[in-house]
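The values are calculated or read from the model by the stated rules, or taken from the named source; none is laboratory data. Note that the structure is a prediction, hence the values are computed from the model and not measured. Here the Cβ positions follow ideal geometry from the backbone for every residue, glycine too, while neighbour counts run over all protein chains shown.
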């Protein structure tokens, strides 16, 4: 549970939080808090919850910048400009960050003016790319080679902005979980033909949260399993399938696809490489965990 690590770091400074004394306690409390949000079926309501995630991301970036600018950390660290050995992991991480495709159909059907969906999607991807890039560059300039997997783990423990960043890290998944799990729940409901039954819908969504909680508690190397799933499925969803579908659809319109074909083939080759290397790396980490 990577989310537990920054919370544990903060807990050691504030012993008044005595209820969450372990990973298990944190997982259970988080599951109980997020459960009611999964019962929401209205996209309008989920949009307000997701808006909290957007605000949390902005606050997180601002807090990290504040620590670097005003709390004495600075942006003076130097290191290797490109670490090719870590490139597969970085690509897998980026693929995971951009793998929100399961939510796109739900957002599209819920839009009042669906013609603006491509523009909305483009703006979202641009903002996400800039946010990820800014956070990565700033974190590396602040901490260099000692930068952890989460920048919050490197922040000084006695700064208010650090505490804000840590709490924001915990809020962010809370605001996104319901939005990500809703397409899965709706697919199950449609398969069972119980979409209009409110009680059954709540039971299905509760079962999804419970099953996720059990896996998080039972699997000791849960993070590696997530990495395996991310490197294999996320890269497939974000790189391979969109390019293949685009080429398939465009071929029926008799368009000149020379440039698009080259770009799509390059993306497909990169995606295939990320899948192979990322999956191998994740499996190796899982085997080494035994």
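In the range 256-270, which residue that is at pLDDT 85 or above and in contact with a helix residue (DSSP H, G or I) (Cβ under 6 Å, 6 or more places away or on another chain) is farthest from residue 84 (Cα to Cα)?
Kept after step one, since they are at pLDDT 85 or above, are these residues of the range 256-270: 261-270.
From what's left, in contact with a helix residue (DSSP H, G or I) (Cβ under 6 Å, 6 or more places away or on another chain): 264, 267-268.
Details: 264: 23, 267: 18, 268: 20 Å.
Selected residue: 264.
Where residues in the range 182-218 are free of Cβ contacts under 8 Å to residues at least 40 places away in the same chain and closer than 21 Å to residue 33 by Cβ, which of them is surrounded by the most Cβ atoms within 10 Å (Cβ to Cβ)?
204
Take residue 102 and tell me if it is over 30 Å from residue 277 (Cβ atoms), within 15 Å of the chain's Cα centre (by Cα), part of a helix (DSSP H, G or I) and in contact (Cβ under 8 Å) with a residue 24 or more places away in the chain.
Details: over 30 Å from residue 277 (Cβ atoms): no; within 15 Å of the chain's Cα centre (by Cα): yes; part of a helix (DSSP H, G or I): yes; in contact (Cβ under 8 Å) with a residue 24 or more places away in the chain: yes.
So residue 102 fails the test.
Could you say which residue among 175, 169, 229 is within 16 Å of the chain's Cα centre (by Cα) and without any contact (Cβ under 8 Å) to a residue 24 or more places away in the chain?
One residue alone meets the criteria, 229.
Looking for whichever is touching a helix residue (DSSP H, G or I) at 6+ places or on another chain (Cβ under 6 Å), in a helix (DSSP H, G or I) and over 30 Å from residue 281 (Cα atoms) here; the options are 54, 49, 58, 73. Which one fits? Quick ask: steps written out before the conclusion?
On the way: 54 fails: touching a helix residue (DSSP H, G or I) at 6+ places or on another chain (Cβ under 6 Å); 58 fails: touching a helix residue (DSSP H, G or I) at 6+ places or on another chain (Cβ under 6 Å); 73 fails: in a helix (DSSP H, G or I).
After ruling out the rest, the residue left standing is 49.
With (1) touching a helix residue (DSSP H, G or I) at 6+ places or on another chain (Cβ under 6 Å); (2) modelled with pLDDT under 85; (3) part of a helix (DSSP H, G or I) as the list, and residue 205 as the residue in question, which single condition is left unmet?
(2)
Does the range 21-37 contain any residue that is over 30 Å from residue 197 (Cβ atoms), at pLDDT below 60, more than 20 Å from the chain's Cα centre (by Cα) and not in a helix (DSSP H, G or I)? Spell out the reasoning first.
Taking the range 21-37 first, the residues over 30 Å from residue 197 (Cβ atoms) are 21-26.
Next cut, at pLDDT below 60 only: 21.
Subset that is more than 20 Å from the chain's Cα centre (by Cα): 21.
Keeping just the survivors that are not in a helix (DSSP H, G or I) gives 21.
The answer is yes; a qualifying residue exists.
Which condition number in (1) part of a helix (DSSP H, G or I); (2) under 28 Å from residue 42 (Cβ atoms) is the one that residue 228 fails?
If we test residue 228 against (1) part of a helix (DSSP H, G or I); (2) under 28 Å from residue 42 (Cβ atoms), just (2) comes out false.
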